[in-house]
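Written out below as structure tokens is the structure these notes cover.
The values are calculated or read from the model by the stated rules, or taken from the named source; none is laboratory data. Only a predicted model underlies this, so the values are computations on that prediction, with no experimental measurement involved. Cβ sites come from the backbone with ideal geometry, for glycine too, and all protein chains shown count toward neighbours.
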Amino acid sequence: MTEPRKARVATASLAGCFGCHMAILDMDEHLIDLMQRVEIHRSPLTDIKSFRHRCDIGIIEGGCCNEENVHVLRDFRRNCDVLIALGQCAIMGGLPAMRNAVMHSDAPLRECLEEAYITGRDIRNVTHNIPNDPALPLLLDKVYPCSEVVEIDVQIPGCAPTGDVIFNALSKLLDGKFDGFERESIRFD
Amino acid sequence: MSTGKNAADEGLEPAASNQVQIEQICAAFDNDHGRMLDILRAVQDAQRVISQDAILRIAELTGLKPIEVEGVASFYAFLSLTPRGRVTIRLCDDIVDRFAGLAEVQAAFETVLGIKTGETSADGAFSLECTPCIGLCDQAPAAMVNDIVLTSLTPESARLFAARLKDGTRPEDLISDRFDDLTPIERARRMVDNNIRHAGCVLLGDVPQDAGLRAAAAATPAQIIESIERSGLRGCGGAGFATGQKWRFASTAGGHRRFVICNADEGEPGTFKDRVLLTERPRLTIEGMTIAARAVGAREGILYLRGEYVYLRELLEDVLADRRVRGLLGSNILGVDGFDFDVRLQIGAGAYICGAEGALISSCEGLPGEPKTRPPFPTTHGYLGCPTVVNNVETFCHAARIMDGGAKWFFDMGIAGSHGTKLFSVSGDCLNPGVYEWPYGMSIRDMLVAVGGEDAAAVLVGGPSGAMIARDMFHRKLTFDDLSTGGAIVIFSGDRNVLEIVEYYMSFFVHESCGYCTPCRVGNVFLQKAVAKFRAGKANPADIDYMRDLSQTIVETSRCGLGMTSPNPILSTLDNFPLVYSAMVKAPEDRLRATFDIQSAISDARHLAKRRSYIFDKDFGA
Amino acid sequence: MSGLRFEIDGVEIAARDGQTIMEAADAAGVYIPRLCDHEGLRHQGGCRVCTVKCNGRSVAACTEPAPPDAVVENETPHINKMRRDLVEMLFHEGNHLCPICEASGNCELQAMAYRLDMTDPTRFPYLEPCRPVDASHPDIALDTNRCISCGRCIRASQDIDGKGIFGYVGRGIHRHVAVNGPDLAHTDATIDDVAVSADVCPVGCIIRKRVGFSRPIGERDSDHGLIGSNAKAKADD
């Protein structure tokens, strides 16, 4: 008898700090258990940059702050059976969404960029320019939680979630038994 | 209030004269913070704004904190913390008005006055606003211009009115060039056609003057309550509580001071029957209040008139004055020793929630119109904490007629559980909009024939907080136990977009929620956005369950009737017009959100960066 | 002795006349979730998180008089689902960024979300309101983005401090807590007011300057179990 196929998992970091990916690695020896059951396909961890196979699980860190984030997120939705929003940025925008506070001005994006690169109190930008290399993806008008761009199946809260929370959630998902979290383990920070 | 002129005559600086004016206004209400709504209304009328200076001075004079005064001033739609025009035009933007051509009328006002809706002209002469149902659906589109009303507007008449206002014509002179010579009833009738289409024998037929009151004066309070109980009379405002029982509760409650309040805050969109009663049967209304006062032992009464009906103020004040002169109000009414009762008018200021009795009492007390915690109920802890009976205008009129005609006479009309007659305000797509007095028990189908609305595809019974029903339910009957209504019947033909109607009514509830409790304040905003998704064709199948589910939370956790019924436009149309929703849902492609629009999301950045998108502008580089 | 009995989720509760359901439940060590209610303050019944079913009818436990012989349902899946909706509404009504909030870990809104298991992907839109931060006062700052309109500060200032520094203004979705003056510095607020004490504001709206983030992770309220898990111990005190 052949061994059952390992579950394929893809991951991506959108508008996040990569902290949630660090948290995945933070599950320490559980990583070994996990790797018995999954293979990592498209992911910054493998440096595979596009889907060559459909994946069972997609894990998204970060929300959407630019067009590339949207493109990647949609690609994940199309290629993954179960899509997980990992961490507060993916779930509700997180720290990047702080810029949404200026979205009520007349020119929110311009104001935000000017403050970040030109007028901000502690800015030392000798060029006095806002970066605009053609390779830079266009920014969105505001930062969107993943669930506003695609349907999300599971959320793992935390900033970042602990390795244990991630391991437990993934294990239960792989067992087909995921039914939420131990309430005592839930954290939004 | 003419107090403004006195201050100006004294040659004071405007700021100083404003302050004097405020002092005079507050003094006129004994610097009583319980009369805050009257004070703020008067300041708004005189100064067209409740300024920060005014708030500070009013607070000082009435012994409140400025934040408390601001809390009241910011609650009511007709009070404003920013300056409004000397002439403020409020277009009624109820769905019935929209279907009757509001947009063209609105455009005419905007063009001639040179301002957009929501703006005030630079010279401070005009403000143009929209306001929810002003109780004139039978002659839509309608508008308030300061304290007068314009009805059956057309683009042509709107242009003419606007031009005359711009030329300096007083709003009153739009009604008649001899407006000042007209009596209050003549003025009211000039402005508003009451469209009585069917007069029943209780309210709109011949009514002998004060016969009910005379009978009540000869009876003991216990006998009055017994008569009302035996008549089967139930509240006509919508809730349908047994009137006799309410009076009995209040009559047995402790305390010496009791109140009778008439709820003339007829705010349910599509309802206008109290407007007709207050114009055509104002004496009967006060007579009923007086009878209730005798029954429960109240010496003080309040008639709470919605701000939209301010054009009836003079008429009602005249009636009250006349009754005082004739010994029908005041001390020893009809010569009965100790039968003392008088009524003051309380004018509202644009808040639907004040139609809920607890909120109405708060408003009478000079507070924001927030419902009170129940229990205790008003019959034991009402106005100023005293036992209080709050009844609808029509209920008081019925009570007066029952005292004259007898409980059995009334009980024998209608059908079991729903006795007597009822006034129905009929509007929308029918030949004969207006007020109809019928015994309870008529079917929707018979009603539609009677009003010339046989083409109806949908009938809204009881206003947005009631139910929207479809053709397959037109056999149902207008009774408390089947289709219960405070009187609103709005008819929609097959040409109308049900989702547009539902979205309008949800925006109405969002506008009118008091904000006290979470589910009504926030949940209704979510519901409105959900309906908008359907209208935009961006809803997915799961959104139907989502709306039901969210509605259930709002219904089950809201603090008062507004929140408990606010999802009804959605719930009743999901039940009765399911195809309207299912026709608009689309399973999302690849499970992407149809509501997320990448093109609009990157539009700003495209302009700022002066380049197009490598990813989403498909022909880029071609 | 006057008194009455009723049951909550099968547990018999003794109540004194005049007590509310919540008061009687607290005295018996039965926890009913709440946000706008706070010990020592007048009941408001605004957040509705304490909704229970009393003989099948929804009521706010904080304001509803204890009902003789009634059957009260508290922690049923249906009621907790509605409570979760309410808490989620509050999260979406304001701007609640837990990761950057100094109240995180000591926040009743967040704690209620944990207790009610608010972890499913949201179906509610974020309203993302534009709200100001008032840092005018030397010792106290107000970040109204995090305000949930519970009004606890209003009642504490009126009834305990006798100052009336806070009040509600506006209507509907625009109703919010405001200060009695152009900003907080121009009110009578002082750092000793009960109204600005850490206990009264359930979230991170009223902030005491220079003491933020002083409790390390592991020692914060949420690190000692779910909110309400000490109800029995509190009642026994």
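C:HIS96 is checked against (1) in a loop (DSSP other than H, G, I, E, B); (2) touching a Leu at 6+ places or on another chain (Cβ under 8 Å); (3) at the interface with another protein chain (Cβ under 9 Å from one of its Cβ atoms); (4) under 30 Å from B:PHE377 (Cα atoms) and fails just one. What number does that condition carry?
Looking at each condition in turn, C:HIS96 falls short on (4).
For C:LYS81, state whether it is outside any loop (DSSP other than H, G, I, E, B), without any contact (Cβ under 8 Å) to a residue 12 or more places away in the chain and within 14 Å of chain B (Cβ to nearest Cβ).
Details: outside any loop (DSSP other than H, G, I, E, B): yes; without any contact (Cβ under 8 Å) to a residue 12 or more places away in the chain: yes; within 14 Å of chain B (Cβ to nearest Cβ): yes.
For C:LYS81, the condition - outside any loop (DSSP other than H, G, I, E, B), without any contact (Cβ under 8 Å) to a residue 12 or more places away in the chain and within 14 Å of chain B (Cβ to nearest Cβ) - is met.
Looking at region B:239-276, which of its residues are within 13 Å of B:ALA298 (Cα to Cα) and assigned to a loop (DSSP other than H, G, I, E, B)?
B:ALA253, B:GLY254, B:GLY255, B:HIS256, B:ARG257, B:ARG258
Going through B:VAL510, B:VAL525, B:VAL555 one at a time, which residue ends up being more than 7 Å from chain C (Cβ to nearest Cβ) and crowded, with 19+ Cβ neighbours inside 10 Å?
Working: B:VAL510 fails: more than 7 Å from chain C (Cβ to nearest Cβ); B:VAL525 fails: more than 7 Å from chain C (Cβ to nearest Cβ).
The conditions single out B:VAL555.
Hey, among C:PRO125, C:PRO121, which residue is touching a strand residue (DSSP E or B) at 6+ places or on another chain (Cβ under 6 Å) and part of a loop (DSSP other than H, G, I, E, B)?
On the way: C:PRO125 fails: touching a strand residue (DSSP E or B) at 6+ places or on another chain (Cβ under 6 Å).
Going through C:PRO125, C:PRO121 in turn, the sole match is C:PRO121.
Step by step: first the residues of region C:60-73, then only those that are closer than 24 Å to C:GLY151 by Cα and surrounded by fewer than 24 Cβ atoms within 10 Å (Cβ to Cβ), then the one that is nearest to the other protein chains (Cβ to nearest Cβ). Which residue is that?
The residue in question is C:THR63.
Look through B:ASP575, B:ASP590, B:ASP597 and report the one residue that is charged (D, E, K, R), farther than 30 Å from B:TYR614 by Cβ and surrounded by fewer than 19 Cβ atoms within 10 Å (Cβ to Cβ).
From the options B:ASP575, B:ASP590, B:ASP597, the qualifying one is B:ASP575.
Of all residues in region A:145-179, which are farther than 16 Å from A:GLN36 by Cβ and among the basic types (Lys, Arg)?
Residue satisfying the conditions is A:LYS177 alone.
Name the helices (runs of 4 or more DSSP H) wholly within region A:60-164 that hold at least 3 residues that are closer than 20 Å to C:ASN95 by Cα and within 10 Å of chain C (Cβ to nearest Cβ)?
Result: A:88-92.
Please find, among A:ALA7, A:ALA23, A:ALA15, A:ALA90, the residue that is more than 9 Å from the chain's Cα centre (by Cα), surrounded by 20 or more Cβ atoms within 10 Å (Cβ to Cβ) and touching a residue at least 12 places away in the same chain (Cβ under 8 Å).
Sole residue among the options that is more than 9 Å from the chain's Cα centre (by Cα), surrounded by 20 or more Cβ atoms within 10 Å (Cβ to Cβ) and touching a residue at least 12 places away in the same chain (Cβ under 8 Å): A:ALA23.
Determine whether region B:225-234 contains at least one residue that is modelled with pLDDT of 95 or more, touching a Cys at 6+ places or on another chain (Cβ under 9 Å) and in a loop (DSSP other than H, G, I, E, B).
First, pick out the residues of region B:225-234 that are modelled with pLDDT of 95 or more: B:225-234.
Right, trim to touching a Cys at 6+ places or on another chain (Cβ under 9 Å) and you get none.
No, the conditions are met nowhere in region B:225-234.
Within region C:203-222, track down each residue that is buried (at least 20 other Cβ atoms within 10 Å of the Cβ) and either within 13 Å of chain B (Cβ to nearest Cβ) or over 23 Å from C:ILE160 (Cα atoms) (or both).
C:SER222
Looking at A:ASN79, A:ASN100, can you tell me which residue is more than 19 Å from C:TYR126 (Cα to Cα) and surrounded by 17 or more Cβ atoms within 10 Å (Cβ to Cβ)?
None of the other options fit; the residue is A:ASN79.
Which one is surrounded by the fewest Cβ atoms within 10 Å (Cβ to Cβ), of the residues in region C:10-55 that are charged (D, E, K, R) and part of a loop (DSSP other than H, G, I, E, B)?
Only one residue fits best here, namely C:GLU39.
Of all residues in region C:56-72, which are touching a helix residue (DSSP H, G or I) at 6+ places or on another chain (Cβ under 9 Å), farther than 16 Å from C:ALA27 by Cβ and assigned to a strand (DSSP E or B)?
Answer for region C:56-72, where residues must be touching a helix residue (DSSP H, G or I) at 6+ places or on another chain (Cβ under 9 Å), farther than 16 Å from C:ALA27 by Cβ and assigned to a strand (DSSP E or B): C:SER58, C:VAL59, C:ALA60.
Quick grid of which residues meet (1) closer than 16 Å to C:ILE206 by Cβ; (2) of a type in the set (D, E, K, R); (3) within 11 Å of chain A (Cβ to nearest Cβ):
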position: C:ILE100; (1), (2), (3): no, no, yes
position: C:LEU109; (1), (2), (3): yes, no, yes
position: C:THR119; (1), (2), (3): no, no, yes
position: C:THR122; (1), (2), (3): no, no, yes
position: C:PRO129; (1), (2), (3): no, no, yes
position: C:ILE140; (1), (2), (3): yes, no, no
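In region B:445-462, how many are closer than 22 Å to B:ASP481 by Cβ and surrounded by fewer than 23 Cβ atoms within 10 Å (Cβ to Cβ)?
Total satisfying the criteria: 4.
Hey, among B:ALA359, B:ALA298, which residue is of a type in the set (A, V, I, L, M), crowded, with 24+ Cβ neighbours inside 10 Å and closer than 26 Å to B:ALA143 by Cα?
From the options B:ALA359, B:ALA298, the qualifying one is B:ALA359.
Determine which member of the set B:ASP545, B:ASP617, B:ASP604 is more than 27 Å from the chain's Cα centre (by Cα) and more than 10 Å from chain A (Cβ to nearest Cβ).
B:ASP545
Could you count how many residues in region B:480-500 are of a type in the set (Val, Ile, Thr), surrounded by 22 or more Cβ atoms within 10 Å (Cβ to Cβ) and either at pLDDT 95 or above or touching a Phe, Trp or Tyr at 6+ places or on another chain (Cβ under 6 Å) (or both)?
Of the residues in that region, 3 qualify.
Please state which one of B:SER566, B:SER582 is modelled with pLDDT of 95 or more and surrounded by fewer than 17 Cβ atoms within 10 Å (Cβ to Cβ). Outline the logic, then answer.
Details: B:SER566 fails: surrounded by fewer than 17 Cβ atoms within 10 Å (Cβ to Cβ).
When all the criteria are applied, what remains is B:SER582.
Looking only at helices (runs of 4 or more DSSP H) that fall completely inside region B:353-469, which ones have 3 or more residues that are in contact (Cβ under 8 Å) with a residue 60 or more places away in the chain and within 25 Å of the chain's Cα centre (by Cα)?
B:357-364, B:393-405
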